[in-house]
Amino acid sequence: MRATSQSDLNLSRNASDGDAAAWDELIHRYGGRIFGIARQFARDPAEAEDLTQEIFLKLYRNLHRYRGDVPLVAWSLKLSRNLCIEHYRRTRHERRSGVASEDLLEQMPGTDDPRETVERRQRLATVQRAMAQMSRDLALVVALRDLQGLSYEETAATLEIPMGTLKSRLVRARRELAERVADLVQPVPPEGDGAWKEASSW
């Protein structure tokens with residue numbers, strides 16, 4: 001076992017045994033990254049805070065399962081993503097309202113034009129409504145790869161599917177998303193393809 005893995009194993013065991021200092025160290029190391037993942041799946045910062053607390057609770061309850069065969073950060077982030085995916089599945093129906101996430105808006109290119117900002121918000125809301133109408137598997141692959149920005153390898157590992165399956169599913173998901181966006185914005189003005197351009201730019 002590598003030294004890093006041994007250090008991770010010791011930290012996880014100590015935290016699992018109730019060592020407050022070890023638990024604080026774990027939060028210090030990974031808290032920011034876990035919150036960052038939660039923000040990608042939550043509709044606002046307050047929901048992300050709640051989701052982060054839920055993740056840490058589950059992390060604490062599962063620390064005894066960590067065996068040190070992978071870095072603790074990778075193990076923790078995979079558990080976090082899995083819980084975020086569960087959260088996304090539970091709340092998909094609520095996203096049909098089309099309220100644009102401020103966090104997703106922040107990730108898009110900025111503008112000083114208030115009218116353009118409103119238009120961007122509307123386009124993003126349309127994309128979110130379109131995703132809420134898609135199947136769970138297709139919506140998830142878009143959320144992970146295009147919204148959260150995971151690599152192909154990370155997305156495949158998180159969803160536990162082969163790389164070939166991921167790529168073909170992503171092609172189908174992007175095509176369906178484009179079609180659903182087009183349906184939602186009919187009749188389409190000359191510049192009406194902006195919603196899909198926004199989505200594909202993620």
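The values are calculated or read from the model by the stated rules, or taken from the named source; none is laboratory data. Not measured: the values here are computed from a predicted model. As a convention, Cβ positions derive from the backbone with ideal geometry for all residues, glycine included, and neighbour counts pool all protein chains shown.
Of the candidates Ala178, Ala130, Ala125, the single residue that is at pLDDT 85 or above, of a type in the set (A, V, I, L, M) and closer than 19 Å to Thr91 by Cβ is Ala130. Just give me the residues in region 31-70 being part of a helix (DSSP H, G or I) and touching a residue at least 40 places away in the same chain (Cβ under 8 Å), in sequence order. Arg33, Ile34, Ile37, Ala38, Arg39, Gln40, Phe41, Pro45, Ala48, Tyr60, Leu63, His64 - these are the residues of region 31-70 that are part of a helix (DSSP H, G or I) and touching a residue at least 40 places away in the same chain (Cβ under 8 Å).
Phe56: among the aromatic types (Phe, Trp, Tyr), surrounded by 15 or more Cβ atoms within 10 Å (Cβ to Cβ), within 14 Å of Leu79 (Cα to Cα) and touching an Asp or Glu at 6+ places or on another chain (Cβ under 9 Å), yes or no? Considered against the rule, which asks whether it is among the aromatic types (Phe, Trp, Tyr), surrounded by 15 or more Cβ atoms within 10 Å (Cβ to Cβ), within 14 Å of Leu79 (Cα to Cα) and touching an Asp or Glu at 6+ places or on another chain (Cβ under 9 Å), Phe56 comes out as no. Pairs are defined by a Cβ separation below 7 Å, a sequence spacing of at least 6 or placement on different chains, a first member in region 71-91 that is without any contact (Cβ under 8 Å) to a residue 40 or more places away in the chain, and a second member that is part of a helix (DSSP H, G or I); the pairs so defined are Leu79/Lys58; Leu79/Leu59; Leu79/Asn62; Leu83/Glu54; Leu83/Ile55; Leu83/Lys58. Given the condition surrounded by 15 or more Cβ atoms within 10 Å (Cβ to Cβ), at pLDDT below 85, of a type in the set (Ser, Thr, Tyr) and in a helix (DSSP H, G or I), answer yes or no: does some residue in region 9-30 qualify? Checked against the condition, which is being surrounded by 15 or more Cβ atoms within 10 Å (Cβ to Cβ), at pLDDT below 85, of a type in the set (Ser, Thr, Tyr) and in a helix (DSSP H, G or I), region 9-30 yields no hits at all. When region 15-30 is filtered for residues that are more than 21 Å from Cys84 (Cα to Cα) and free of Cβ contacts under 8 Å to residues at least 24 places away in the same chain, the ones remaining, listed by number, are Asp17, Gly18, Asp19, Ala20, Ala21, Ala22, Asp24, Glu25.
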